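I have placed the structure first, in the form of structure tokens, so that the comments after it can refer back to it.
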Amino acid sequence: MRLSVARLRHFATALLVLSPFVQARQKTLFTSSVTYCAPPEAILISQFDVKYFADNSSVFFNISAASVENDVNVTANLLLNVYGITFNFSINLCDVLSSVLCPLPQYQLNGSETLQLPASLDVSKRIPGIAYQVPDLEAFAQLKLNEVSTGDLKACVQSTLSNGWSTHQAGVEWASGGVAILALLSAAFYSVIPESLAPFRFLDLIYLYQAIATSAFLDVNYSSLYRAFTLNFSWAMGLFPMSSTSSIQNSIDNMRHKTGGHLADASGGSAVSLVNRRLSPYNQAFVIPQQLIDKASALPSMDFVKGLSLPSLAGNSSTSALAARDVATVTTTSDNVLQAGIPIYVNSIGIATGNAFMTIFFVVLIMIAVAGAVLALGYGMTHLLSRSRWDRRVSLFEFKNHYPAFARAWGLRLAFLAFGPVVIFTFYQWTLSDSWLSVLLSVIMFLFLLAYVLWPSFLTLRLARRSSTFALYSQADHLQAHGPLYAQYRQPRYFFFAPLIVGAFLKALFVSFSKASGTVQVIALIIIEFAVFMAIVVLKPFRRRGGDFLAGYLAITRLVCTGLLVSFIEHLNVKPIPRTAIGAVIAVIWAVAVVVMFFNILVNLGLQRLWRRRRVSDETSRGESPILEKGDSNEKVRRSWPQLPEGDYSREVPGGYSQGDASDSTLNGSSPPRRHSLRVSTIPSDYSPEGSRSSSPIQRTPASRFEPLPPHREDL
């Protein structure tokens, strides 16, 4: 009882300590990015910041605008849309800011104010409570300025809203990357053994990350929550988040523009996910008149705090705590329009649509350079150790002899990692008709990668056909070099790698070339994932039941998540709140799969063997036998041992064993059965790779750790 009370006291103390941090987060909604919603005529707005406080039902706004007409009196109409739930209210600018905006002065005005909303509006009840808690809020605010006398629209801007929460977190990116590094180290350590599962689990983990990211490449109306979640795994596709000042992206932009590229550079900000969507508020076709921009640029600037300043629109800065943001011009005919799928995805992390392939191209080159340097360093260390006192170790000598095959195996694994991203973005680059140099480099990399994957596949299939499937697992050099293809599968199912490669290729085809139809993409991916799942269930290709179970679980996870993407198909008109809920469910399913893979990697890291060894050591230190039955003692077990007959057992036989006479008799004088022979275990004499009787037995004992144990024949 005392312990329980102490725990409760500590728990209460923790709550009291953490409560200020919990209460410090207010329920707020604020603008996150701005675009025009109508062609400006007399007013040019360069900044539009709004923040709503739910606790006291007040609104803070910070507007930077320029009026180029005389004697313009306007009213402001503010519209809020949260998950399709809308309400609006109007404000007469003559009643705020001491009537300084009535009429609008002819200069660049920077003004901010906090207004208490009337209780009659009942804003707190109109906005659902989830709007303050759901990450990646789907909401926007729209401000219209209408002339009081005529009602003509003078300006219209709108902005996405945010509550400060998001499923795209840097911590998740680092955590997923840390798990991948742990899996890589485990794979590198155990990869000297071709049948080790650690390298295959590393590939499975990266495939899972890539599947999560690829699921956001389709032409469907994703919820903002789900798209932001998938951005946590963009690095697995070679798409690392970039800033607007990234030297790599600037270099790619310059290269594209000098080689015939016409696509726009990256579009930043949270509004990119709503650009050019049929249900988006950013679908207006207009441009800002150049004469309006020239007039506004010539106006002096007035700030409530700093006063009048030089006439420079570009040099104005906001005095608000909110960061100033330029109002972007989004049109359906200009080159800054973003389509759903890959364009929105890559622009959300600061990469232009035309730069996507080149980004992956450079990442793959860096990966190849790093892998080559590590393998070269490993070979150099092995060579130096072989010339030192370590040269007497047989394992080191064998590792040096098998090092070329070991390096080729890792080259094949890296090719598998790059296969999905390179193929998808190569095909997509071909659909853009952009820079000719980008297209040329994409063709070269695609052919190189395809050859690196298909040639070992061809050699494996040819060896199995000309010799036997038994040869795939008995020829050490081939198994060490090409084992990443088939070593984890049972001998009769060695070919299972081929359907997986074909499936990945087909998914890349539909993602890239069917970019205009999200319905076709979703249906095609469902069919492919279902085919892969059924192949695993029917063929059971893995050597262990656990491998079949894990592969089946990952396959059904991909199938279910892909099937739920149907709710994002645009013409189904699923409401915003159900779409967000479904996106959250998909994200949770993916997250559970990542956690499962993390624990699987820990298992293949050998931690369970360390725990068992520690348990046995503890039992031995206490004088207990680890195989004793409950209630038994060591003395009781020793008394239960049968007593051997008296005799002379000093004569030794080859192998270190002793027996009473020179005959092949046991200690009690009877002849031993064949299964009790002390000879080296061999494959039965009636076994051969072709299924016929064999005249010479084959030793079952491997010559070294690099020559794995040949498998027994398994029933089909």
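Scanning segment 131-165 for residues that are touching a Lys or Arg at 6+ places or on another chain (Cβ under 7 Å) and part of a strand (DSSP E or B), we see that the one that is surrounded by the most Cβ atoms within 10 Å (Cβ to Cβ) is 145. Entry remark, segment 40-52: residues being among the charged types (D, E, K, R) and either part of a strand (DSSP E or B) or modelled with pLDDT of 80 or more (or both) number 2 in total. For segment 456-474, does any single residue satisfy the condition of being surrounded by fewer than 18 Cβ atoms within 10 Å (Cβ to Cβ), without any contact (Cβ under 8 Å) to a residue 24 or more places away in the chain, assigned to a helix (DSSP H, G or I) and under 30 Å from the mean Cα position of the chain (by Cα)? The answer is no, given that none of the residues of segment 456-474 is surrounded by fewer than 18 Cβ atoms within 10 Å (Cβ to Cβ), without any contact (Cβ under 8 Å) to a residue 24 or more places away in the chain, assigned to a helix (DSSP H, G or I) and under 30 Å from the mean Cα position of the chain (by Cα). Tell me the residue from 519, 557 that is crowded, with 19+ Cβ neighbours inside 10 Å and in a helix (DSSP H, G or I), please. None of the other options fit; the residue is 557. Scanning segment 317-368 for residues that are small (Gly, Ala, Ser) and either under 30 Å from residue 407 (Cα atoms) or modelled with pLDDT of 90 or more (or both) returns a single hit, 356. Among the residues of segment 477-496, those identified as surrounded by 20 or more Cβ atoms within 10 Å (Cβ to Cβ) and touching a residue at least 60 places away in the same chain (Cβ under 8 Å) are 479, 480, 481, 482, 483, 484, 485, 487, 488, 490, 491. Checking segment 25-39 against the condition returns no match, with no residue being buried (at least 17 other Cβ atoms within 10 Å of the Cβ), among the charged types (D, E, K, R), modelled with pLDDT of 70 or more and in contact with a Phe, Trp or Tyr (Cβ under 7 Å, 6 or more places away or on another chain). Assessment of segment 53-69 against the conditions (within 21 Å of residue 108 (Cα to Cα), modelled with pLDDT under 80 and assigned to a loop (DSSP other than H, G, I, E, B)) yields at least one matching residue.
Any chance segment 221-240 includes a residue that's among the basic types (Lys, Arg) and either farther than 30 Å from residue 33 by Cβ or touching a strand residue (DSSP E or B) at 6+ places or on another chain (Cβ under 7 Å) (or both)? Taking every residue of segment 221-240 in turn, none turns out to be among the basic types (Lys, Arg) and either farther than 30 Å from residue 33 by Cβ or touching a strand residue (DSSP E or B) at 6+ places or on another chain (Cβ under 7 Å) (or both). Just one residue in the set 500, 485, 525 is at pLDDT 95 or above and either within 26 Å of the chain's Cα centre (by Cα) or not in a helix (DSSP H, G or I) (or both); that residue is 525. Every test in (1) over 17 Å from residue 360 (Cα atoms); (2) in contact (Cβ under 8 Å) with a residue 12 or more places away in the chain is passed by residue 258 save one, and that test is (2).
Taken over segment 429-442, the residue count meeting the criterion of being assigned to a helix (DSSP H, G or I) and closer than 13 Å to residue 358 by Cβ is 9. With respect to the numbered conditions (1) closer than 26 Å to residue 429 by Cα; (2) among the hydrophobic types (A, V, I, L, M, F, W, C); (3) without any contact (Cβ under 8 Å) to a residue 40 or more places away in the chain, which one is the sole condition not fulfilled by residue 509? Failing condition for residue 509: (3).
Within segment 108-120, the residues that satisfy the criterion of being surrounded by fewer than 16 Cβ atoms within 10 Å (Cβ to Cβ) and touching a residue at least 60 places away in the same chain (Cβ under 8 Å) are 116, 119.
The values are calculated or read from the model by the stated rules, or taken from the named source; none is laboratory data. Note that this is a predicted model, so its numbers are computed, not measured. Ideal geometry is used to build each Cβ from the backbone, glycine not excepted, and the neighbour counts take in all protein chains shown.
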